[in-house]
1. As an exercise: evaluate residue 512 against (1) part of a helix (DSSP H, G or I); (2) in contact (Cβ under 8 Å) with a residue 24 or more places away in the chain; (3) surrounded by fewer than 20 Cβ atoms within 10 Å (Cβ to Cβ) and give the number of the one condition it does not meet.
2. Could you grab me the full set of residues in the stretch 485-537 that are among the basic types (Lys, Arg) and modelled with pLDDT of 95 or more?
3. Based on this model, can you work out whether residue 165 counts as touching a residue at least 24 places away in the same chain (Cβ under 8 Å) and assigned to a loop (DSSP other than H, G, I, E, B)?
4. If residue 543 satisfies every condition in (1) at pLDDT below 95; (2) over 24 Å from residue 222 (Cβ atoms) but one, which is the exception?
5. What is the one condition in (1) touching a strand residue (DSSP E or B) at 6+ places or on another chain (Cβ under 9 Å); (2) surrounded by 15 or more Cβ atoms within 10 Å (Cβ to Cβ); (3) not assigned by TED's automatic domain parsing to the domain that holds residue 316 that residue 406 does not satisfy?
6. From the list 344, 326, 357, which residue is over 29 Å from the mean Cα position of the chain (by Cα), surrounded by 19 or more Cβ atoms within 10 Å (Cβ to Cβ), assigned by TED's automatic domain parsing to the domain that holds residue 396 and not aromatic (Phe, Trp, Tyr)?
7. Out of all the residues in the stretch 440-447, is one or more crowded, with 16+ Cβ neighbours inside 10 Å, outside any loop (DSSP other than H, G, I, E, B) and outside the structural domain of residue 247 (by TED's automatic domain parsing)?
Amino acid sequence: MKRTSYCGALTAADIGQTVTLNGWVDRRRDHGGVIFIDLRDREGIVQVVFDPDAEHCFQLADSCRSEYVLQVTGTVRARSEATVNANMNTGAVEVYGTELEILNSAATPPFQLDDHVQVGEEVRLRYRYMDLRREEMQKGLRLRSAVTSTIRNFLHDSGFLDIETPIMTRATPEGARDYLIPSRTHPGKFFAMPQSPQLFKQLLMVAGFDRYYQIAKCFRDEDLRADRQPEFTQIDIEASFIDEADIMALTQAMISAIFKQHLDVELGEFPSITWRDAMHRYGSDKPDLRLPLELVEIKDLLKDIDFKVFSGPANDPACRVTALKVPGGAQLSRKQIDDYTKFVSIYGAKGLAWIKVNELAAGVDGLQSPIIKFLGDQVTLDIMARLQAQDGDIVFFGADSFSVVSEALGALRCKVGADLNLYSCDWAPLWVVDFPMFEADGKGGLTPLHHPFTAPSCSVEELKADPAAALSRAYDMVLNGVELGGGSIRIHQPTMQAEVFEVLNIGAQEQREKFGFLLDALKYGAPPHGGLAFGLDRLIMLMTGADSIRDVIAFPKTQSAACLMTDAPGAVANEQLRELNIRLRQSATEQ
């Protein structure tokens, strides 16, 4: 008999029905001559009861162990009132087993699947097929599947076409290293795996498809980072004859619909903030607005003091001097403050000055800090007044280059806010807009803040006159301090695209070699167009409350871009290398 129901789908409405279930033994218990098996499948767990009256089934049940694969036929019945398990979806019913077939036995699992057992991630990734049996993992991947269905339906109903773009393409400069594929048929040449479908989706707009989307695999050979993956999934969207407001409204509606349908969460309004304001107020271009903490500029108050640690940066146009007031922070111990000092050093800060506000009415005598004597009484009180400090607060200070202060105090804002549970709400979405078009590359030149196909918000002449001051028509959607997605209106005129390449010191020959097909396409009536790409992995991580995107990807790689389960990447035979015209250099240890 074939399966008639999923284990986790049985309810009181099924009482009296004969059902056939397939699944794995989650637990087996022998109580007073009756055997209880918790049978598990992707929908959940149900309790199956075997008693000695069904002798053959009872003996088979007695031989079952964890993770055996079973087929069970039996009758659904109500549990007694004393045995109802309110913590299980099927806790009001059980199945009285009348037939049992062991479809497969199982070796002792490498780790227990119980939620309360802590298992190292390396072990979990090596035996990922076992880890994926855990309820937490199955819920995450089921949600991922449901969300992608919602996305497809939403975009289809909005007139978008699902169109695939190539995985094997050519290398283009998009900010990270490409994964390269050697060509056997074109010796010495390589395909590249796409960091995004950027150029192809723009070409689809030139081709007149008007609205495109794709749930696309992307690949980036980045340096080691704790929560990045060499292959990841993008919700990629592009449309023609639109502006920023159009694409932002559409994607905001899509994300809001996802949260409402799958979490019953109303995200509400998405406020917009400029990149400049985000950096000055929060020290980040992806601020977590659940925390009511802001950085306050105090540079003007410190220009004339003798304390060079502050007055130096205060008189340097490239630096900033900023204060962060933390309500209730005066309770922090010296050890906690020392820990925060070590934390900001990760971001280049050389120290962390602070003032505790014990009794503001007592003036400087009511303040506690080793730096007050260097600031002077009046400057200290002026800082307290600007911050509107109150008794019980602590104030942290940053004085260094703009980037160091922003990154250090921006990260401290989030960490101390989380440690003291200062969150004002559960979800805080926003848009960050008006990004700079370029940033310094550290070599005296400029590099695109997003990518070189983003349209500037100025004219060609204005861009040529002062490229460093140009703003872009880019926008990022941020949720709880995580960038969910980013996009822009694209360049659709050849003269503007050529000028952006010039600013980036990409000469005419390199333009033709790498982007000739795009420049040619822009000559043949490219419409105004733009789009946005969401990180699907990040979205599901936020929705499930997971600590890492690896917990919502079926078969992720490690931090070093390896697959422990399949032992990839691996060596290949010399015959294959010869076919690809590749010879490996020996490392020093092999010589």
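The values are calculated or read from the model by the stated rules, or taken from the named source; none is laboratory data. Bear in mind the structure is a predicted one, so any value in this text is a computation, not a measurement. As a convention, Cβ positions derive from the backbone with ideal geometry for all residues, glycine included, and neighbour counts pool all protein chains shown.
1. Going through the list (1) part of a helix (DSSP H, G or I); (2) in contact (Cβ under 8 Å) with a residue 24 or more places away in the chain; (3) surrounded by fewer than 20 Cβ atoms within 10 Å (Cβ to Cβ), residue 512 breaks only (2).
2. The first filter runs over the stretch 485-537 and keeps only residues among the basic types (Lys, Arg), leaving 490, 512, 514, 523.
490 - this is the single residue of the stretch 485-537 that is among the basic types (Lys, Arg) and modelled with pLDDT of 95 or more.
3. Numbers: touching a residue at least 24 places away in the same chain (Cβ under 8 Å): yes; assigned to a loop (DSSP other than H, G, I, E, B): yes.
Considered against the rule, which asks whether it is touching a residue at least 24 places away in the same chain (Cβ under 8 Å) and assigned to a loop (DSSP other than H, G, I, E, B), residue 165 comes out as yes.
4. The single condition residue 543 does not satisfy is (1).
5. The failed condition is (3).
6. 357
7. yes
Rundown of residues vs (1) within 30 Å of residue 214 (Cα to Cα); (2) among the small types (Gly, Ala, Ser); (3) not assigned by TED's automatic domain parsing to the domain that holds residue 214, yes/no style:
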| position | (1), (2), (3) |
| --- | --- |
| 72 | no, no, yes |
| 79 | no, no, yes |
| 83 | no, no, yes |
| 92 | no, yes, yes |
| 119 | no, no, yes |
| 123 | no, no, yes |
| 128 | yes, no, yes |
| 145 | yes, yes, no |
| 151 | yes, no, no |
